[in-house]
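This report refers to the structure that appears directly beneath it.
The values are calculated or read from the model by the stated rules, or taken from the named source; none is laboratory data. These figures come from a predicted structure and were not determined experimentally. FYI the Cβ positions are ideal-geometry reconstructions off the backbone, even for glycines, and counts take in every protein chain you see.
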Amino acid sequence: MLLNIHHETLYRYQSPASYSLQAMRLWPRTDGGQRVHHWRIEAPGRRWIQQDAHGNTVHLSSLVDRHDHIAVIASGQVQTLDERGRWIPHASEVPVLAFSQATALTRADDTIQRTAHDLLGPSLPDHDWQAGLTHLCEWVHKTIAFTQGVTDVTATAAEVVAHRQGVCQDMAHVFLALCRSLGLSARYVSGYLLTDATHAASHAWVEVWSPQGLLGQGGWLGFDVTHNRMAGPELCRLAVGRDYADTSPIRGIHMGGIGESMSVQVAVRDAQHAGMDQ
């Protein structure tokens, strides 16, 4: 599938900032069958590029002139493979076992641990690995109502389960907590979703490690918990990590700039079906 993607983030300040530093994980990954046809990031200030331990491309932007707004635009075209449930090899300096450890956002409380045990027992059986994960995915999908505006990026998996509401990020964190409570290695994925909406095209899902994947060599298998399905060609992968904190599309600091507000618009289109240029 060929995806046309346009992502705009605008920060405004009621009083000017004297300095800003932004870390942007907005460059699509090239694993998992993805191929970037063309991509660009527009951001003010001096910029340099590095790669983090998870293999994510990070653009750093430093702005030293006084400014009352910052506009960041990421756009381009990405080819994804037309198959669902694709295994992805591990290509990261971070060992697979590191993704079995709980984080502040994905720590399993008694309720989550009990739920995982009730659904699958104390561990996931090797012979029925994928079916067991599908069962967990269904539970999160049915239990957590997709509701915008009730959580923020600091909401933990335990809090989301208690309130039974959240967005894709929250559902991913709950699924991660369930998997890790069973001793599985699972990682958070940020990216884009093909949709006709301009407010829900940013997305998050989960990849779980299996030693039996990729002809017995091990591999990651993606689960789009929000839509209760395996990850497929409608998804474009931006970054992977232990949770949202490792994959935030834009994170930064600034001096001055009192009264900050932020607006985001994301649009993802199927270029081939729309008859757009390839």
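A few points about this structure:
- Per-region count, segment 43-60, residues assigned to a loop (DSSP other than H, G, I, E, B) and on the phi < 0 side of the Ramachandran plot: 6
- Test: residue in segment 148-162 that is farther than 22 Å from Thr247 by Cβ, assigned to a loop (DSSP other than H, G, I, E, B) and assigned by TED's automatic domain parsing to the domain that holds Pro211: no
- Pro89 falls short of the stated requirement of being out of contact with any helix residue (DSSP H, G or I) (no Cβ under 7 Å at 6 or more places or on another chain) and surrounded by fewer than 16 Cβ atoms within 10 Å (Cβ to Cβ).
- Of Ala172, Ala74, all but one fail to be crowded, with 16+ Cβ neighbours inside 10 Å, within 18 Å of the chain's Cα centre (by Cα) and farther than 24 Å from Pro211 by Cα; the exception is Ala74.
- Flag for Val36 being touching a strand residue (DSSP E or B) at 6+ places or on another chain (Cβ under 7 Å), surrounded by 19 or more Cβ atoms within 10 Å (Cβ to Cβ) and at pLDDT 95 or above: no
- Per-region count, segment 223-240, residues surrounded by fewer than 23 Cβ atoms within 10 Å (Cβ to Cβ) and either at negative phi or within 14 Å of the chain's Cα centre (by Cα) (or both): 6
- When the criteria are applied in full, Gly252 fails the requirement of being in a strand (DSSP E or B), in contact (Cβ under 8 Å) with a residue 12 or more places away in the chain and closer than 19 Å to Arg86 by Cβ.
- Any hit, segment 9-30, residues being under 21 Å from Ser248 (Cα atoms), at pLDDT below 95, within 18 Å of the chain's Cα centre (by Cα) and not in a strand (DSSP E or B): yes
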